[in-house]
Amino acid sequence: MRKLLFIIIYLSFISPAFAGGNKAIENALHEYIKGKDARIGVAVIINGKDTVSVNGNRDFPMMSVVKFPLALTVAHWINTNGMSLNDTVTFSEKAMKEDTYSPMLKKYGKSLNAMTVRELLEWSLVESDNNAADILLHRVGGTSGVTSIMRQMGISDEIVIGASEEDMHRDPYLSYLNRTTPLAMAQLFDRFYHELRNASQSYSEISVMLEQCRTGLDRLAFPLLPTNALIGHKTGTGFPTPEGRISAVNDCGYVNLPNGTRYSVAVFVADSNYDIATTSAIIAEVSKIVLEGLIKQK
């Protein structure tokens, strides 16, 4: 009992400033989110240990954020099958869907029938190409194959992939089968940065692709642009609902600040009664609150 009391007293001396700083960020996020006509979830993991969360344990649809855990399963599949990112994946003309978001299709047309795994990952992560994502998904065994690989990797069962891009295009509400909690996604990005990205060449190249992400620069990245911070992230954008709302606008990733602070962050905005630009600005403001709070702690 005496030893436990000593530990409690010791911790009270070494941690209040940083813990208080985290609480200030959390309070600021609660205050900002309050009254917004949308369902918002945020999770931040600072320097691999300290956590800030607002609705962090609630389920949210991932939309194209799903392409990040999908990419990790592809890398694991490559690593465990003696393959490399240079290996070629072949596919039929039917895989190049015209009625979906696909910059790859616009560039190459429907005659394309083979690409390296690296190229498909680049299209999926950097450009958020739906056809590239589905080709990779089917190559590793579809949703059941991805689920099996994720559990082998120890990825939280709070991250669920239950629909392909084609499924979601056919019935937008199937996108809710691809779900996560903000905490689970922030933890996955944190694990990726600390552990996985250095575990193999395929994971390392995924980190480069995340850092080249060209979508959603008006979201998490927006307040970071003047700071020279490094950000690797993946965005997700949903669809208009019959009620006139936006089903989801998301952005998740990791950030290295010039002052040495590193954090992973996941922001999900569901059922937004605002347009895409305004909803994206909510994510940018959340990012700004986190950034300013961490700068003050230094």
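Points worth noting:
- The number of residues in region 71-123 that are assigned to a helix (DSSP H, G or I) and hydrophobic (A, V, I, L, M, F, W, C) comes to 13.
- Selection count where residues are modelled with pLDDT under 50, open to solvent by 40 Å² or more (accessible area, probe 1.4 Å) and farther than 19 Å from Ala186 by Cα, scope region 3-42: 16
- Any chance Gly109 is in contact with a Gly (Cβ under 7 Å, 6 or more places away or on another chain), of a type outside the set (Phe, Trp, Tyr) and more than 24 Å from Ser202 (Cβ to Cβ): no
- Region 140-162 residues that are under 17 Å from Phe60 (Cα atoms), paired with ones that are open to solvent by 40 Å² or more (accessible area, probe 1.4 Å) and not in a helix (DSSP H, G or I) (beta carbon under 7 Å, 6 or more apart): Val160/Arg179
- Verdict on Ser247 being in a strand (DSSP E or B) and not acidic (Asp, Glu): yes
- Screening Met209 against (1) open to solvent by 10 Å² or more (accessible area, probe 1.4 Å); (2) at pLDDT 95 or above; (3) assigned to a helix (DSSP H, G or I) leaves a single unmet condition, (1).
- Candidates Tyr176, Tyr203 - the one that is surrounded by 16 or more Cβ atoms within 10 Å (Cβ to Cβ) and either out of contact with any strand residue (DSSP E or B) (no Cβ under 9 Å at 6 or more places or on another chain) or over 18 Å from Cys252 (Cβ atoms) (or both): Tyr203
- Residues of region 250-298 classified as charged (D, E, K, R), within 28 Å of Glu195 (Cα to Cα) and part of a loop (DSSP other than H, G, I, E, B), total: 1
- Scanning region 139-183 for residues that are part of a helix (DSSP H, G or I) and acidic (Asp, Glu) yields Glu165, Glu166, Asp167.
- Number of the exception - Val89 against (1) surrounded by fewer than 20 Cβ atoms within 10 Å (Cβ to Cβ); (2) free of Cβ contacts under 8 Å to residues at least 40 places away in the same chain; (3) more than 18 Å from Leu210 (Cα to Cα): (2)
- When residues in region 122-170 are screened for being modelled with pLDDT of 95 or more, farther than 24 Å from Asn81 by Cα and open to solvent by 50 Å² or more (accessible area, probe 1.4 Å), 2 of them pass.
- The set of residues in region 212-233 being under 15 Å from Tyr254 (Cβ atoms) and either assigned to a loop (DSSP other than H, G, I, E, B) or open to solvent by 90 Å² or more (accessible area, probe 1.4 Å) (or both) consists of Gln212, Cys213, Gly216, Arg219, Leu220, Ala221, Ala229.
The values are calculated or read from the model by the stated rules, or taken from the named source; none is laboratory data. Just so we're clear, the structure is a prediction, and the values are computed from it rather than from any experiment. Note: ideal-geometry Cβ built from the backbone for every residue, glycine included; neighbour counts use all protein chains shown. Keep in mind that these areas ignore ligands, DNA and RNA; they rest on the heavy atoms of the full protein, side chains included. Shrake-Rupley method; radii C 1.70, N 1.55, O 1.52, S 1.80 Å.
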